[in-house]
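Here is the structure we will look at, set down as structure tokens.
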Amino acid sequence: MLALKKIHHIAIICSDYAVSKHFYTQTLGLQIIREVYREARDSYKLDLALGDDYCIELFSFPKPLTRPSFPEACGLRYLAFAVDNLDSVKITLEHQNIKVEDIRTDEFTGKRFTFIADPDGLPIEFYEC
């Protein structure tokens, strides 16, 4: 058995670095730990944190491949954030002209959740804890 401690980070490749950087830092409020430009790859790498936890590496590449990113697509299903007040999150996002799905209830836990999409269509869930 492996001695895993926790998830270290999630890597995301975006199609428009400036748009995605704004979305993850300004819309979602993640903090920038460091930003580097890797000249050999013509690529930016942005390390982001949620509170004290390093959580996302945002990459840009000149011509990234596209893939399906619906919640039911094969591969990474979605990124989920725990929130205290789902209604407040929904209202805040809608005031920023972000389309928010209807709030649903998890049939097994009884907890409420909803989804949005990042600038590249990656599903992002907000789960009320």
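We did not get these values from a lab; they are worked out from the coordinates using the rules stated. All figures in this text were calculated on a predicted structure; none of them were measured in a lab. Every residue, glycine as well, gets a Cβ built from its backbone with ideal geometry; the counts of neighbours run over all protein chains shown.
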Using the Kirkwood formula over every pair of different C-alpha atoms, what hydrodynamic radius in Å results for the range 77-129? 11.2 Å
Counting Lys and Arg as +1 and Asp and Glu as -1 over every other residue whose Cβ sits under 15 Å from the Cβ of residue 91, the net charge comes to -3
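Would you mind checking 90/111; 45/111; 5/90; 6/111 for any pair whose Cα atoms are more than 26 angstrom apart?
On the way: 90/111 15 Å; 45/111 34 Å; 5/90 32 Å; 6/111 23 Å.
Pairs exceeding 26 Å: 45/111; 5/90.
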With a cut-off of 12 Å, note down the residues of the range 12-34 whose backbone N falls inside the zone around a label point 7 Å from the Cα of residue 61 toward its beta carbon. 12-15
Simple spin-label model, 7 Å along Cα-to-Cβ: residue 41 to residue 108 in nm? 3.4 nm
Between residue 15 and residue 127, what FRET efficiency follows from the Cβ-Cβ distance if R0 is 30 Å, with the result rounded to 0.05? 0.70
Taking Cα atoms only, helix 86-95 is inclined relative to the longest principal axis of the chain by an angle, in degrees rounded to 10, of 50 degrees
Selection of trypsin sites (Lys or Arg not before Pro), the range 1-46, meeting DSSP coil and at most 11 other Cβ within 10 Å: 5, 6
Going from the fewest other Cβ atoms within 10 Å to the most, one would list 114, 27 as 27, 114
Cα convex hull of the chain - mean projected area over all directions, nm²: 9.9 nm²
